Amino acid sequence: MTFDAVILNSHVVLPSGTVDKNIVMDEGKIVSLTNDTPQCDTKIDGRGLVALPGVIDPHVHYGVYSPIEQAAVTESRVAAVGGITTMMRMLRLGGSYKRNLDSHLIESARSHYVDYSIHASILEESQVDEMEFCTKKGITSFKLYMNLGDEVGHVYMDMKPGKNLLVEQKVEVNEKIVERVIYNASRLGCTVLVHAEDYQMCSCGIREAKHNNKNGLGAWSESRPAESEVKSITTASDMARKAGCRLYFVHIGSQAAMDAISREKKNGTTIFVETCPHYLTLSYESQKGYLAKVMPPIRSVNDTARIWQEVQSNNVDTIGTDHVANRLGLKLGGDTVWDALAGFPGIGTMMPILLSEGVNKGRITLQQLSNLTSLNTAKIFGMYPKKGIIQKGSDADIVLVDMKAEKKVSPELLSGYSDYTVYDGWNLKGWPVKTLVRGTVVAEDFKVIEKPGYGKFIQRPVSA
Ligand SMILES: [Zn+2]
């Protein structure tokens, strides 16, 4: 019998440890881990590289500043180069999902290099009643933006497919919507993703900071205090505990938020925690200019140290990028931090940052890295064991990384839509060099090989 392909001579990262085995693949799946070399059409020399389960990025914004048929091509290209084999889109639509979802699914199907899945944002009350419809389309997780309302309720929605036109909308995710989404998700067996910042506290903080002519990333952090994260965490956790709903707090990056979550877990709420590479590497003390403006803000050096500790103690479940595919021209709108756009690209730098700052600096092990970037994410979002692990029967989603490769970060290296990166000039050690999705090499040495449209939509079941 002849199989499609085999990866030879790599160190394979499994949940139980690293083994030196050959990975045999056929029809997109892993068929065995073996010491033999079976008959295969293609032999991939692993050259002593590390084989990790393909990275799942649970948190990606694309389709906001360029329409999805373009954004999926550019951003999944960077994803592939960066070792990501499944990207999860934070879909943000106004109006009816029943009316507007299909055009996004159709355009998405022909434009991704890697596999993708979708979280649906619920921004208006009428959308709560469409959550069940979304689950039938394989979208079984929902995002709540508790930061949106009042004076800080303006947000760019996803563009209409085929139309390169920014769509601004004013929304108010009040407690009534939050409660209805949580109860409905519990009934449907879905997980709720929460952006935990209290819009009233943030509105007030920003008004005050502007009034006092404050500026800079320190002022940005002060205007959206960690206490506003704590308030939202407490409110959502109370509701989820009563409703029996699973919560997933996105982009946690402050000590106060971690403390609040630990308290709520002890109270009995089922909570998962995501952090992002920037909360592990950037602080308002270390960053000049406004490029690193993001919500919630990057905090102090002490906060980054604390988030590393929480990662090391396995109190953080996943790492997502919160990637925003925007460009410098739009990002820096004026002279102050208040004029700049929040959010920046990160999907191409997640793995090199974590390999360099995490594994190579001895802060985390390869097992921890693979749990945080693949296994846990697949389990939480209903993709395990299809995704998230290198084992017989799973999709052959694999990233080969070179732990010794050193390179300087630049936007050109990453070749996405964005013309900047907050890590510009960083010299990182440890890079993905080959990315396989379902047994096919989609990217190699910073170039994509496959065609857009290879990536498949991963529909997810509800949990029991
Ligand atoms: Zn986000």
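Of note:
- Per residue, the accessible area of region 3-45 comes to 50 Å² when a 1.4 Å probe rolls over the protein heavy atoms.
- Proximal lysines to Lys29, defined as alpha-carbon separation beneath 25 angstrom and excluding residues fewer than eight positions away on the same chain: Lys21, Lys43, Lys137, Lys379, Lys386, Lys387, Lys392, Lys434, Lys447, Lys451, Lys456
- Over 30 Å between alpha carbons, listed pairs Lys160/Lys408; Lys331/Lys408; Lys163/Lys429: Lys160/Lys408; Lys163/Lys429
- Here Arg263 and Leu8 are evaluated by their C-beta separation; at R0 = 51 Å the FRET efficiency comes out at 0.55.
- Local electrostatic count, Tyr279, Cβ distance below 11 Å [Lys/Arg +1, Asp/Glu -1]: -2
- Cα-only Debye scattering, region 284-352: base-10 log of I(q)/I(0) at q = 0.13, 0.18 Å⁻¹: -0.45, -0.82
- Averaging the sequence gap over all C-alpha pairs within less than 8 Å and six or more residues apart, then dividing by the number of residues, gives region 3-45 a relative contact order of 47 percent.
- In the chain, one over the average inverse separation of all distinct C-alpha pairs is 22.1 Å, which is the Kirkwood hydrodynamic radius.
- Relative contact order, percent, the chain [alpha-carbon distance under 8 Å, six or more residues apart]: 22 percent
- Highest-first packing order for the peptide set 233-244, 28-39 is 233-244, 28-39, based on the mean count of other beta carbon atoms within 10 Å.
- Segments 421-432, 165-176, 356-367 sorted - mean Cβ within 10 Å per residue, highest first: 421-432, 356-367, 165-176
- Within the accessible area of region 3-45 (1.4 Å probe), percent carbon and sulfur: 43 percent
- Cα gyration tensor shape for region 132-186, rounded if a/c is under 1.5, else prolate or oblate: oblate
- Where the Cα pairs of region 292-405 fall when distances are cut into 10 Å bins, in %: 12, 34, 33, 17, 3, 0
- Projecting the Cα positions of Trp426, Ile30, Ser186 onto the charge dipole of the chain (unit charges on Cβ atoms of Lys, Arg, Asp and Glu, taken about the Cα centre) puts Ile30 furthest along the positive direction.
- Positive dipole terminus of the chain, leading residue within Asn164, Gly453, Ser66 (C-beta point charges): Gly453
- Counting only Cβ charges, +1 for Lys and Arg and -1 for Asp and Glu, the dipole size of the chain around its Cα centre is about 480 debye.
- Tensor-based shape of region 3-45 (alpha-carbon gyration tensor, a/c under 1.5 rounded, otherwise prolate or oblate): prolate
- Region 270-292-region 103-129 distance, computed between alpha-carbon centres (Å): 26 Å
- Tally of Lys pairs whose C-alpha atoms are under 18 Å apart, taken over region 196-287, 8 or more apart or cross-chain: 5
- The angle between the Cα long axis of helix 255-266 and the main principal axis of the chain comes to about 80°, on a 0 to 90 degree scale.
- On a per residue basis, the convex hull of the C-alpha atoms belonging to region 1-122 measures out at 135 Å³.
- Relative to one another, the C-alpha centroids of region 204-236 and region 351-385 are positioned 31 Å apart.
- Inter-part distance where region 299-345 and region 387-433 are each reduced to a Cα centre, Å: 18 Å
- Projecting the Cα atoms of Gly82, Thr440, Tyr199 onto the charge dipole of the chain, computed from C-beta unit charges around the Cα centre, puts Thr440 farthest toward the positive end.
- Region 203-315 shape via C-alpha gyration tensor axes, a/c threshold 1.5: oblate
- Peptides 2-13, 376-387 ordered by average Cβ neighbours within 10 Å, highest first: 376-387, 2-13
The values are calculated or read from the model by the stated rules, or taken from the named source; none is laboratory data. Predicted model, so just to flag it, every value in this text is computed and none were measured. A quick note on method: Cβ atoms are made from the backbone with ideal geometry, for glycine too, and the neighbour counts reach across all protein chains shown. To get the accessible areas, we keep the full protein, side chains included, count just its heavy atoms, and leave off ligands, DNA and RNA. Shrake-Rupley method; radii C 1.70, N 1.55, O 1.52, S 1.80 Å.
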